[in-house]
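Pasting in a structure now, in structure tokens, and then I'll have a few things to ask.
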Amino acid sequence: MGTGTRSSILTLVALAVGCLTCSGAAQKPTTSPDYSKEAAVVETYRTTVAFQNDGTSSRDLTLRIRINSDAGIQQYSVLIFPYASATEKFQIDYVRVIHHGGAVVETPPESIQDESSAITRQAPEYSDYREKHVAVKGLGPGDVLEYHVHYE
């Protein structure tokens with residue numbers, strides 16, 4: 001291949017890369033998306049898992065959800081956490097609502113019910129499957145729901 005051909009190919013590659021870079025920059029949104037019409041928006045979803053040498057593990061789940069409408073209230077007014085009671089320990093560390101003005105409403109432990117999973121009625125061999133149901137206190141439009149749970 002001659003020197004002229006090689007420089008022509010390099011020029012074409014440089015132009016192609018330049019065009020791709022320019023088109024990618026032009027497609028980036030200049031404003032953040034508007035989620036105000038959504039029923040609820042998950043702002044934070046964090047899972048941390050730790051594995052031990054003996055084969056056990058633990059998992060922490062932290063969520064922060066902004067409630068925008070009555071549909072969001074309906075969706076998150078009762079939280080359901082499934083777990084296998086034969087092999088897991090499950091703990092709800094907190095469930096709280098932060099109102100628009102900054103006031104915090106903690107959901108008390110009395111609002112937590114431990115129930116059999118619906119699957120156990122149809123398949124009794126899964127009788128160790130349980131669910132914790134939490135009736136969230138004080139949830140309204142514009143509020144932020146936060147909770148942290150721990151599985152072991």
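Can you give me the long-range amide H partners of Asp143? Hydrogens built in the peptide plane at 1.01 Å from N, cutoff under 5 Å, separation of 5 or more residues or another chain.
Ile67
Got a number for the accessible area of Asp34? Probe 1.4 Å, square angstrom, nearest 10.
Estimated to the nearest 10 Å², Asp34 gives 110 Å².
Moving on to the next point. Relative to 2.2 N^0.38 Å, what does the C-alpha radius of gyration of segment 41-80 come to as a ratio? Two decimals please. Please list the in-between numbers first.
Working: Rg = 14.9 Å, N = 40, 2.2 N^0.38 = 8.9 Å.
Expressed relative to 2.2 N^0.38 Å, the Cα Rg reads 1.66.
Are there trypsin sites (Lys or Arg not before Pro) in segment 29-76 that DSSP marks as loop and that have at most 10 other Cβ atoms within 10 Å, and which are they?
Details: sites: Lys37, Arg46, Arg59, Arg64, Arg66; in loops: Lys37.
Loop-located and lightly packed - Lys37.
Can you give the FRET efficiency for Glu125 and Gln75, using 1/(1 + (r/R0)^6), R0 = 41 Å, r = Cβ-Cβ distance, to the nearest 0.05?
Working: r = 31 Å, r/R0 = 0.76.
After rounding, the FRET efficiency stands at 0.85.
Need the list of aspartates and glutamates near Lys37 for cross-linking: C-alpha distance under 18 angstrom, and skip anything on the same chain fewer than eight residues off.
Asp70, Asp143
Mind jotting down the distance between the C-alpha centroids of segment 104-152 and segment 46-97, whole Å?
Here the two parts' Cα centres lie 9 Å apart.
Based on the alpha-carbon set only, what is the convex hull volume of segment 90-152 divided per residue, in Å³?
Numbers: hull volume 5.7 nm³, N = 63.
Taking the convex hull of the Cα positions in segment 90-152, it is 91 Å³ per residue.
The values are calculated or read from the model by the stated rules, or taken from the named source; none is laboratory data. Treat the numbers as computed from the prediction; the structure is a model and nothing was measured. In this analysis, Cβ positions are derived from the backbone assuming ideal geometry, glycine residues included, and neighbour counts consider all displayed protein chains. Areas reflect the complete protein model, heavy atoms only, side chains present, ligands, DNA and RNA absent. Shrake-Rupley method; radii C 1.70, N 1.55, O 1.52, S 1.80 Å.
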